[in-house]
Each structure stands twice: as structure tokens, then as C-alpha cells.
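Take a look at the structure set out below.
The values are calculated or read from the model by the stated rules, or taken from the named source; none is laboratory data. All of these numbers come straight from a predicted model, not from anything done at the bench. Virtual Cβ from ideal backbone geometry, glycine too; neighbours counted across all protein chains shown.
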């Protein structure tokens, strides 16, 4: 029994390796990238299934043979009930759409449908194997599936330019999610993030307009962001159950106050005009360059932050204590971990990183706008939740959030690519969050908690 | 809490101590509003206040039903749901599918019930955290609203137009508000509500006690659906058209109102009076700020004020248990009456100074001040009747007010006398103050009774 997880991971590794080799071969044969990717995914699925069936299953049966179970088909139905139903539903929808819409029945669409069904079975089959980090696994599968779908359906989806633009937007969302993830690990919520982003965006331009050197202005903005976080943390410490609404109130006040401050003596209330320095523009613009490389620095900043966060949360005392506090306050207190210090600390980090995001967004857009943070109001929450960080605290991490951010970003890009407007995108987001969360973040029934 | 050892009767006032903050805020805002702009307490002013505040009050009720159910559920989707019902109603009317009031109400309530039933089923059976379910609903509904109607537009039916006029106090919207509030007060007396509160404060205890928590939670959602539907109808009456974009604002404002009203977002506590006051406070904040005319930065000042007041009121709610030992003996009702008397005095002062010179300028001699003072509420009809029989009306009105006040005071005095929460003496003092206030009200009438009245106040 102990050897089983190892066996599973080896199987996954072998499947990934073979898929990578097939992808490389496809590229070498000058196949279109979409086909190569599709074949790679298909190979991966086939190998993983085969491994699961022949290598893992017998071991599992040997392990659980004492328990005894019903017929094999009955057991199969019980295990894959949800996946079978979902697969049949998708095929039904596909058939109905083919019958109803002219020109829907194309090879590309058939392949897309088959990929979807295959992915559902794959994730259902494999998620049973993976006990820890299931959400990350499902997230990765969804990410891969979405990417393949996008590459199949949208021209230029897998092109370098599109990947770059997706990564730039993902960087902004990812940076905005840093604070939300940390706060969620302690069981809190920070809804002031979008307002801090907007305020930092406007405030930075305003401060630079006053003649302050841009570097000092950014440092000032980061400090102010941290100050907002400090206020959030101190005020919400005694109100932890209502952190959501309290940070919302602070956010309202901050964004209102910033706008009043910046529009004193201005004819155009709410708009700040000014010159954004070139280096800040380069930092976040789509055609920015890092040391001569053709990669916008903001992507590298995000990657650096992500690595720092993932490693830091795993290996530093601060990170471990955060998990300890989020998991169980009482036992953390027995270890003399100061709940107050950590609670306020994560809010300070959240404020500072949000301010940084606002500053970077200024470089991206080149003009101050208070509403720039609005999309992040629920997007940060959605990314954290889709990634698999529990809002109750103690479970998850920034690595998960990165997956969530990428899923959201690839999904947006895909939906834009197939020509859906903003309102349809939002509708589909809303509908998708539920099943994704339901896959791995269901709370236990009350009767199990007594 | 410190009130555990107290007599059962006194805990009644202790648990409703959270009402003190909204009451205090309400009267503070009311006084400021009246001093800033006495137009508020004219017939048209109150009428428009009712029209504007009713959707907010009903949305707050909808939020409250779910917030009481616990598990930290704030229904973020209440704003988009109201928008959804609003645009569906307007589009259906535009397509000539529905037109009669009954059809409107049935459609709205049906939509609200259906949506909240789905939400409730998901929360109960799929067991995803309620906040995520509501977030998902928020995103989905605000998307679909824009699909149903791209930009604000459309028209409300003919019969609904006068609803939103807001020229008089008595309007169908007011009736809706009264019925909705009354329905909640009745609902709060049922066993179901007790189960709901029990589940909100401790779900495990409720389950162990044999409460069908699934059914109770779905019931809370259904009630929220009905209130959201009513809010949507009041909102349609207010704007007389469809608006798919109001979702975010409405959610944020009504959550603020909910918290201002003293409902605990942790579950288990909340009341109609609190939420009513909370929503009215939001309206008054907007009203007071509007009187200052900040020009371009008006909306920013409103944001700042919402945020600050929300945070302060939350902090006060935290400080409240610490003051509980002191506040235990303060009945919210008494508090309300005391502040009401103060506010009433201020209102009288404001309207008196405002309208008396107008009466003399009209050249009709000194108007009966009581008629003017009394006319602040009922300008149109009652002022004229007062003019028709000034000699008879005043003593009768005075006696009625006195009798009612005395009855009420006696009732409270007797009800409270058995407890050690408050000595009846305080009630006697309050009664005396009330009598004094009525006397003050009536005294100017005796000085200027014979003069013919004018209806100058109506302008």
C-alpha cells in the first residue's frame, strides 16, 4: 500500500515524458502546433490510462480486497458516475448543436468535443489517485484542456504574441491575488484590493505630477498601500468574521478620499493627467523589454514573486506559522504564535502588493483611472477559490492561486477568441466557478461534525 | 457575555442593544438633514424618500434573511438579482407578454423564488461555501443582465408611472413597504424563525436539536427571493425603466445598510427594525451629502462617507458587548422615544422658522402657527381642514395625541415594572416630556387661533 503513491507518480511522469517526446516529434515533423499539441494530449491520456489500468489498479485491488465489493461494473459506475453523466451530457449538447446549427458539424468541433469528454474522464480517473493537492491537479487538467481547445478553435491562440499578452494580464491578476491568498490562508478576506489598486494608480500619477521623482513616488505609494493594509488589519482583527465587509468599507473610504485629494483644484474631477516615465511604461507594456530580451518585465516580476511566495510559504518560519494559524488558532496560540501580528502582517503585505499592482497598471495604461481595479473586485476571489485555497484558512497556497489565475486568464482569452462579448464571458465565469469549486472544495455535512 | 446571570426578561433588552447604534445614527442624520434642508419633511420630501428608500429596504430584508441563516453567507448577488428581475419585467412588458399588476408581481416573485431555490439547493446539497455560490450568481447574473438588455432603457407600464412620482406620502410603494415590514415582523414570531436563528448561531446545535437544517436554509433563501422580487418591483417603479448595470452598487449599498442595521454577518442575529433603520440611514447619508453640493466630487464624498460610516458602525458593534453591562438597562424603545422627542423638537424648530415668515409675507395675517407647525407633515389636506375648523380641530387633536401618549407610556411602564431593567420613574419622566412637547406644540395655536389660515406651507 505504501508503494502505491510512488507508483502513481511514476506513471504520471512517464505519461508526461512520452507526451513531451511526441510533441517534440510533431514539431520536428513540421506539423501545425495545434495538431502536435492535440496528439501530445491524446498520447498523455492514453498512457496515463493504460498505466492506471494495468499498473495501479491491480495493486489497489490487492490492497482493498479485504473490504469486498459488488460487481465490477457496479463499482465502475459508482466511481465514475459524475464523469459518465457529464460526458454523456456534453455529447448530447454537441449532437443537439450539430442538428440545430448549420456548419457546426466540422472536424475541429468533433475533435474539441472529444477532447472535452476525454478530459472529463481523465480528470475523474486520475483525481481518485491523487489525494493531496487534488485541486491543483484538476486545475492543471482544466488549464491544459482549455489551452488545447483554444489552440484548436482560435487562430493564433498558441502564438507567441497571444501567450505574451495572456501572461501580462495574468501577471496583473496574479500580483493582485498575492494578498488575497495570504489573507485567505488565515481565514480572512480582503475586498479593499481593487480600491487600493485604483487609488495607487491615480495617486502615483498625481504624486509624480507634483514633481516628486518617480522612484521615490513609487516607494511612497507602496508605503501608503502598506498603511492601508495596516488599517485594514488593525480594524478587522477583532472583527474577523466580518473582514469582508470591513475591508470593503475601508476600500470605499480610501478610493473616495484619494479622488477628493487628487481632484482638489482640478477641473476634471476623477481624472488625473500626467506623464508616465518611460521606464515604468517599459515595465508593464506589451512591447517591454528586459535586459534586451523581448519579454515585458512585469511577467518576470510575477514569476519572481510567485517563486518567492511558494518557496517562502513552504520553508520559512513565517510561512509555516501562517498555515499553523489558519489551521487551528488554539494550537497556534499554544505555540505562542501571535495571531495579531500575523493577521495584521498579511493585510499589510496585501495592501503593499495591491499598490504595486496599481503602479504597474499605470505603466501599462499610461493614464490614471480610479476604476482600473474594479475587475479585480471578485476576480481575485475567484482565482484564489478556483486555485483551491480554502476561504476558511489553513489550506492552499500561492502555487494554487497561480493555477487559478492562469485558468481564468486562458479562459478569458479563449472566450474572447471565439468572439464572445464581455457579458457572456462574465456569465460563463459565474457558471464555471461553481462546478470547479464543487469538484474539490465541498464542505463536510453537519452530521460528520458532531 | 456578561448578561448570562441576568433575569430572563432583561436579556430581551440586552440582546437588542445592537439597535442603539442605528437609532442614534438615524436621529443624528435626521436632525442634520432637517436642518440642512427642511424640504425633507414636506409631503413631497417624505414621498420621494419612501420611493427611493423602499427598494433598498427590501433588498436589505432579502440580505437579512440569508445572513441570519449563518455560515457567513452574505448574498452578494442580491443587486444583480434585482437588476435581473427588473430588466426581465421591462423586456417582457416591451414584448407585450405581461402588463397587469398581478402578472408583474407573479413574474417577479416567481423569478426571485426560482433563483433563490436553485441557490439554496446548491448550498444545501452540493455544500459549496455560500459566499462562493453567491459570488458565482453575482457574476452570472450581471453578465446575463447585459445580454437581456444592453443599456438602460425600456419603459414601465402606465399603471406604474404614478408609483414612482413620489409627490405624496401615501403611495402603493409605501403600502408595499409596510406590508413587507409587517410580514417580516409576523415571520419573526414563527417557530420557523426561531429555527433559522438557532441554525445561524450554531448549526450543529440546531442539527442535534432535530431542526431540519436543509429545509430551514432553503426556506430562508425562498424568503430572500420574495423580498428581492418586491425590491425589484419597487426599483422598477423608481426608475420607470430597465437598468442592467446597477448590480454592484446595489449589492454594496444594501450590504452596508444591513451592517448599519446591526445584523450580524456571522449569523443568528438580525431584525426588521434594525434593517429598516439601516437602509433609511443610507438614504439619509446620501440626502445630507447631497445638500452640501460638492459639485464634481459629490460621488467621491458619498463613497468616503459610506466607507467611513460602515467601518465606524462595525467598530461600534464590536465595542457594544463591552458596554453591555452599562447598556443592559437601556431599552432601545426608550432610547428611540427620547431621541424622537429631541428630533421632533428640531423638526418643529426648523419648519417653524421656515414657514412662519412665509405666512406673514402672504399678507393673510398671522397664520395659526399650529396649523403651520402641524402642516409640516400633511400640507395638502389636513392644513385645509385645520383652516376650516380651527377652533375645534386643535383641542381634539391635542387630546388624542395626549391620550395615545399616555396610553403608550402606561403600557410600557407596566410592562417594564416587573423587571429591574428600568424604574418606571424614567417612563414617567418621558411621559412628562411628551406632554410638555405637545403643550409646546399647542401653545402658539392659542395665541394666533382666530386668524384665518393659509395654505402657504404647501408651496
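Here is how the numbers come out for the structure above:
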| item | result |
| --- | --- |
| Filtered residues of the range B:116-134 (kept if in a helix (DSSP H, G or I), out of contact with any helix residue (DSSP H, G or I) (no Cβ under 6 Å at 6 or more places or on another chain) and either within 14 Å of another protein chain (Cβ to nearest Cβ) or buried (at least 22 other Cβ atoms within 10 Å of the Cβ) (or both)) | B:118, B:121, B:125, B:131, B:134 |
| Lone qualifier among B:155, B:167 - being more than 14 Å from every other protein chain (Cβ to nearest Cβ), part of a loop (DSSP other than H, G, I, E, B), within 26 Å of the chain's Cα centre (by Cα) and in contact (Cβ under 8 Å) with a residue 40 or more places away in the chain | B:167 |
| Only listed residue being in contact (Cβ under 8 Å) with a residue 24 or more places away in the chain, under 19 Å from residue A:362 (Cα atoms) and in the same structural domain as residue A:228 (by TED's automatic domain parsing), chosen from A:167, A:191 | A:167 |
| Any hit, the range A:62-76, residues being assigned to a helix (DSSP H, G or I) and at pLDDT 75 or above | no |
| In the range A:426-446, the residues that are part of a helix (DSSP H, G or I) and within 7 Å of chain B (Cβ to nearest Cβ) | A:426, A:427, A:429, A:430, A:431, A:433, A:434, A:437, A:438, A:446 |
| Scope the range A:360-394; condition within 12 Å of chain B (Cβ to nearest Cβ) and part of a helix (DSSP H, G or I); matching residues | A:370, A:371, A:377, A:378, A:379, A:380, A:381, A:382, A:383, A:384, A:385, A:386 |
| Single match in B:275, B:241 (criterion: crowded, with 24+ Cβ neighbours inside 10 Å and either farther than 23 Å from residue A:232 by Cβ or within 12 Å of another protein chain (Cβ to nearest Cβ) (or both)) | B:275 |
| Residue check, residue A:334 in contact with a helix residue (DSSP H, G or I) (Cβ under 7 Å, 6 or more places away or on another chain), outside the structural domain of residue A:140 (by TED's automatic domain parsing) and without any contact (Cβ under 8 Å) to a residue 60 or more places away in the chain | no |
| Number of positions in the range A:395-416 that are assigned to a loop (DSSP other than H, G, I, E, B) and within 14 Å of chain B (Cβ to nearest Cβ) | 2 |
| Listing of helices (runs of 4 or more DSSP H) fully contained in the range A:139-239 that carry 2 or more residues being farther than 20 Å from residue A:369 by Cα and modelled with pLDDT under 85 | A:160-185 |
| Residue match in the range B:53-67 (condition: farther than 30 Å from residue A:379 by Cα and in a helix (DSSP H, G or I)) | yes |
| Residue check for residue B:17: farther than 24 Å from residue B:286 by Cβ, surrounded by fewer than 20 Cβ atoms within 10 Å (Cβ to Cβ) and modelled with pLDDT under 90 | no |
| Search result, residues across the range A:255-282 that are at pLDDT 80 or above and within 7 Å of chain B (Cβ to nearest Cβ) | A:255, A:256, A:257, A:259, A:260 |
| Matching entry among B:255, B:259 (being within 12 Å of another protein chain (Cβ to nearest Cβ), assigned to a helix (DSSP H, G or I), out of contact with any strand residue (DSSP E or B) (no Cβ under 6 Å at 6 or more places or on another chain) and within 17 Å of residue B:220 (Cβ to Cβ)) | B:255 |
| Residue B:211 vs. criteria in the same structural domain as residue B:83 (by TED's automatic domain parsing), within 24 Å of residue B:267 (Cα to Cα) and buried (at least 16 other Cβ atoms within 10 Å of the Cβ) | yes |
| Lone unmet requirement of (1) within 13 Å of chain B (Cβ to nearest Cβ); (2) surrounded by 17 or more Cβ atoms within 10 Å (Cβ to Cβ); (3) farther than 27 Å from residue A:323 by Cβ for residue A:420 | (2) |
| Failed item in (1) under 14 Å from residue A:183 (Cα atoms); (2) in contact with a strand residue (DSSP E or B) (Cβ under 6 Å, 6 or more places away or on another chain), with residue A:368 passing the rest | (1) |
| All positions within the range B:135-152 that are assigned to a helix (DSSP H, G or I) and under 30 Å from residue B:47 (Cβ atoms) | B:145 |
| Residue within the range B:295-308 that is in contact (Cβ under 8 Å) with a residue 24 or more places away in the chain, more than 7 Å from chain A (Cβ to nearest Cβ) and closer than 19 Å to residue A:249 by Cβ present | no |
| Test: residue in the range B:86-109 that is within 30 Å of residue B:287 (Cα to Cα) and within 14 Å of chain A (Cβ to nearest Cβ) | yes |
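Results for (1) within 24 Å of residue B:264 (Cβ to Cβ); (2) crowded, with 24+ Cβ neighbours inside 10 Å, shown as yes or no for each residue.
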| position | (1), (2) |
| --- | --- |
| A:178 | no, yes |
| A:185 | no, yes |
| A:209 | no, no |
| A:230 | no, no |
| A:236 | yes, yes |
| A:248 | yes, yes |
| A:251 | yes, yes |
